[in-house]
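**Q** Pasting a structure here, questions to come.
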Amino acid sequence: MASERVALQFPLVDRYMGLRLGVEMAGIRPGQLHVVESPRRLAREMSYGYVHALWWVWLHDERTAVSVVPGAGEEVRRIAAAVTERDEFFDLGLAERLKVPADRALRGAGRPVSDRVLSDVFFVCNAKLLRPHRHGDCRRLTDESIAPAEGLRLPTHCFPDGVAYGVVADGRIVSVAFAHRAGVMEDSVADVGVETAPGYRRRGYAQTAVSALVEHFTRSGGEARYGCSRGNVASMATARSVGFVPYGVSLILAAPSA
């Protein structure tokens, strides 16, 4: 299957996702559901500031993995096993059913219960797929010496040691792409974040910043992951224009870190 061939092209993203989930992704067969209880689901995720109390990934080759707070695994498995179509994945009723065992386990661990449901589609890219863009003055950012345009936040958590690229126009940074600081495989997998100032959108700046970031990682054999909400058509178009291909969807029950 074409989806299986795509999966085999991205062993680093597979390993990266597996390490964050607490699952050996390469050991999951297409069509197989794997549920694991992981202590990582009680820890704050770097770059995000909240806990992924439940994290369900459904890849395009039909491998599925659910990582959940210890103590919730069996009930989550029963709920997840009843989901047979990817469209059901985005049903709010499913999230509410999963929330019951996840929150019970969080309370048992003395932690705050989940207060947000997050879902996204994600894409992957490597050196063979990358399509560079060259719109504007793009450079690597290591500090705040150039101020951002109005409405844009700089990824200060990436300064000075992380990886971020920005496009400069009118003396300001107008678009920035950065690799989230996940604490896992940060030298080989870019988990891409991107923002563009409202007044500078639709000029190709986001594509330029993202392609520069991806090139930084892929020229030494790395890979990149790009996630966005299912309804963010513009963000998905940016990913595809740089060469990213669909890889999967994810569902997260997020909880405060304290």
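**Q** Neighbour counts of other C-beta atoms within 10 Å: give me Ile79, Ile173, Ile146, Ile28 arranged from fewest to most.
**A** Details: Ile79 16, Ile173 28, Ile146 13, Ile28 20.
If I rank by nearby Cβ atoms, fewest first, I get Ile146, Ile79, Ile28, Ile173.
**Q** Pairs of Cα atoms under 8 Å, at least six residues apart: use those to get the relative contact order of the chain, whole percent.
**A** Numbers: 551 pairs, mean separation 66.6, N = 258.
Rounded, it is 26 percent for the chain.
**Q** Run through the DSSP bridge list for region 129-241 and note the antiparallel percent, rounded to the nearest 5. Please list the in-between numbers first.
**A** Details: 15 of 20 bridges.
Of those bridges, close to 75 percent are antiparallel.
**Q** Turning to a different aspect of this structure: For Cα Rg over 2.2 N^0.38 Å, the choices are (i) 1.02; (ii) 1.26; (iii) 1.31; which was calculated from the structure?
**A** Correct label, based on the coordinates given: (i).
**Q** By how many degrees, between 0 and 90 and to the nearest 10, does the Cα long axis of helix 233-242 differ from the longest principal axis of the chain?
**A** It works out to around 70 degrees.
**Q** Give the order of Ser119, Ser257, Ser220 when sorted by the count of other beta carbons within 10 angstrom, beginning with the fewest.
**A** On the way: Ser119 17, Ser257 14, Ser220 9.
Going from sparsest to densest Cβ surroundings: Ser220, Ser257, Ser119.
**Q** Report the label-to-label distance for Ala26 and Asp187 in nanometres (one decimal), using points 7 Å from each Cα along the Cα→Cβ vector.
**A** 1.9
**Q** Moving to a separate point now. Rounded to the nearest 0.05, what FRET efficiency do Asp120 and Ser145 have when you use their Cβ-Cβ distance and R0 = 30 Å? Intermediate values should be presented prior to the final figure.
**A** Numbers: r = 32 Å, r/R0 = 1.08.
For Asp120 and Ser145, the calculated efficiency is 0.40.
**Q** Which angle between 0 and 90 degrees, to the nearest 10, do you get for helix 11-21 versus the longest principal axis of the chain when only C-alpha atoms count?
**A** Compared with the principal axis, the helix lies near 50 degrees.
**Q** Out of His135, His216, His60, any idea which swings most in a Gaussian network model of the chain, alpha carbons joined below 10 Å?
**A** Checking each option, the largest mean-square fluctuation is seen for His135.
**Q** Then there is this: So, in nm, how far is label Arg153 from label Arg202 when the simple model puts each one 7 Å beyond its Cα toward the Cβ?
**A** If labels sit at Arg153 and Arg202, their model points lie 2.5 nm apart.
**Q** Once you have the Cα-Cα distance between Arg78 and Ala109, take 0.36 nm times their residue separation minus that, and quote the gain in nm to one decimal.
**A** On the way: separation 31, 0.36 × 31 = 11.16 nm, distance 2.17 nm.
Length gained, Arg78 through Ala109: 9.0 nm.
**Q** To continue, here is another question. Treating region 137-242 as a set of equal point scatterers at the Cα positions, no solvent, please give the Debye-formula log₁₀ I(q)/I(0) at q = 0.13, 0.16 Å⁻¹.
**A** One equal scatterer on each Cα of region 137-242 leads to -0.42, -0.64.
**Q** Between 0 and 90 degrees, rounded to the nearest ten: what's the tilt of helix 92-108 against the longest Cα principal axis of the chain?
**A** 80
**Q** Please work out whether region 108-187 counts as rounded, prolate or oblate from its C-alpha gyration tensor, where a ≥ b ≥ c are the square roots of the eigenvalues and a/c under 1.5 means rounded, while otherwise a/b larger than b/c means prolate and anything else oblate?
**A** Values: a/c = 2.05, a/b = 1.51, b/c = 1.36.
Taking the square roots of the gyration eigenvalues as a ≥ b ≥ c, region 108-187 is prolate.
**Q** In whole angstrom, note down how far apart the Cα centers of region 37-58 and region 152-199 are.
**A** 22
**Q** Given region 40-187 reduced to its alpha-carbon atoms as identical point scatterers, what log10 I(q)/I(0) does the Debye formula return at q = 0.17, 0.20 Å⁻¹?
**A** -1.04, -1.19
**Q** To continue, here is another question. State, as an integer percentage, the relative contact order of region 113-258 based on alpha-carbon contacts under 8 Å between residues 6 or more apart.
**A** 39
**Q** Further question: Could you sort the peptides 9-15, 44-50 by per-residue average Cβ neighbour count (10 Å cutoff), highest mean leading? Show your work: numbers first, answer last.
**A** Values: 9-15: 19.4, 44-50: 15.4.
Ranking the peptides 9-15, 44-50 by packing returns 9-15, 44-50.
**Q** For Arg219 and His135 in one chain, what is 0.36 nm times their gap in residues minus the Cα-Cα distance, to one decimal in nm? Numbers along the way, then the final one.
**A** Numbers: separation 84, 0.36 × 84 = 30.24 nm, distance 2.01 nm.
Extra length from Arg219 to His135 when fully extended: 28.2 nm.
**Q** Once amide H atoms are placed 1.01 Å from N in the peptide plane, what residues at a sequence separation of 5 or more from Leu54, or on another chain, have their amide H within under 5 Å of its amide H?
**A** Excluding prolines and chain starts, which carry no amide H, the hits are Leu253.
**Q** Place a point 7 Å from Cα of Met46 in the direction of its Cβ. Which residues in region 150-181 have their backbone N less than 19 Å from it?
**A** 155-165, 177-181
Any read-out appearing in this document is the output of simple, stated calculations on the displayed coordinates, not a laboratory observation. Just so it is clear, the structure is predicted and the values come from calculations on it, not from any experiment. Counting neighbours? That spans all protein chains shown, and the Cβs are built from the backbone with ideal geometry, glycine included.
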